[in-house]
Structure formats: C-alpha cells, structure tokens
Amino acid sequence: MMCTTSKEAWDVLQLTHEGTNAAKESKIKNLITQFETITMLETECFDNFYARLSDIVNTSFNLSESIPDARVVKKILRSLPKRFIPKVTVLNTLGNLNRLKLEELVGDLQTYEIDLFPDTVNPKDRGITLKAQSKKKKVSFCESKSENESDFDMALLAKNFKKFLQFSK
C-alpha cells in the first residue's frame, strides 16, 4: 500500500514470492538436485510420478530456470522402474529421443501402464469407501495413500459421523 508506482509494487511482490537473489538461487539449486535425483518408485503409478516431476519443472520455470522438454523426456526414461523396461527399449530403438514430444511420451507411458496393469485404479476416481477385507491383498501400482493416511481418513470419517449423529438428535 505504501508503493507509489506499479514498478515498486511489482518489486515488492516479486521479492515476497521469490525472495532475494540468494534465496532464489538456493531454491533453484534445490530444485535441480530434486530433478536429478527423482525416480519412480516400484509401487507408484506413472501419473503420481509425473505429477511430482511436473511440480519440480513448473516451480523451476516460475523461478526463471526453464528445464527443456528434451531433458525432461530423457529424465523420465531414466527414472522408470523395471516394469517399464520393454517400453523404454522400444522408444530407444524407434528413433531420436530429442524429437520425442513430452506429451507423446506421457501418453505412451500412461497407455502402456493401463494396458499392462488394467486393474489399477486412478486415484482421482477413488473416494472414501468402506472396503471388505479378503485374505489376499491385491497390490496396485497406483495407490496414492499409505496405510497410515487411510487409517487417518477412516478416523476422521468416524469422528465426523459421530458429530453428525449428535447434531441430528
């Protein structure tokens, strides 16, 4: 409110959101380290991995440090778990990875995972439901919540249900 020109206001907003140059450089270095070390877990679905990677790429772009799509494509192919080896081999033998578009790669990998593991459920489509337990536990590569988070969700659901019952009386 104390700024008299739009340039002053812009500088204040930029400093508030990005920090000083030293802080910005530190954030960029941290993001580059995260980008270099990120890998897809064996139990993780591709969509969750790509969301984590996109967050790093987008945050670095917001800090004026753009990561080229060709580098992201190569990083994805290096970071995939063993179950994607056949697909990665095909992509490597088909052509030049520098010309492969990021969107095409993401679509190919999503299709491959759906075809290979059709029983996996997209975490966005899941809601909170009560599940019957069986003796066999089905392993899904697309589980987005850990057991502790699921227990917490159930406890929260039970607590809210109790409040609802008390309120309705």
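The values are calculated or read from the model by the stated rules, or taken from the named source; none is laboratory data. Just so it is clear, the model here is predicted, and its values are computed rather than measured. Don't worry about glycine lacking a Cβ; one is built from the backbone with ideal geometry, like all the others, and counts go over all protein chains shown.
Results, tabulated for the structure shown:
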| quantity | calculated |
| --- | --- |
| When residues of segment 109-120 are limited to those that are more than 21 Å from Ile67 (Cα to Cα) and surrounded by 14 or more Cβ atoms within 10 Å (Cβ to Cβ), the one modelled with the lowest pLDDT | Thr120 |
| Test: residue in segment 140-151 that is at pLDDT 65 or above and over 21 Å from the mean Cα position of the chain (by Cα) | yes |
| Which listed residue, of Lys75, Lys24, is at pLDDT 90 or above, surrounded by 15 or more Cβ atoms within 10 Å (Cβ to Cβ) and basic (Lys, Arg) | Lys75 |
| Meets criteria (exposed (fewer than 12 other Cβ atoms within 10 Å of the Cβ) and at pLDDT 90 or above) for Thr39 | no |
| Residue match in segment 48-56 (condition: surrounded by fewer than 15 Cβ atoms within 10 Å (Cβ to Cβ) and among the acidic types (Asp, Glu)) | yes |
| Test: Glu65 is acidic (Asp, Glu) and surrounded by 14 or more Cβ atoms within 10 Å (Cβ to Cβ) | yes |
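Rundown of residues vs (1) without any contact (Cβ under 8 Å) to a residue 24 or more places away in the chain; (2) among the charged types (D, E, K, R); (3) closer than 26 Å to Glu25 by Cβ, yes/no style:
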| site | (1), (2), (3) |
| --- | --- |
| Lys75 | no, yes, yes |
| Pro86 | yes, no, no |
| Lys101 | no, yes, no |
| Leu105 | no, no, no |
| Asp108 | yes, yes, no |
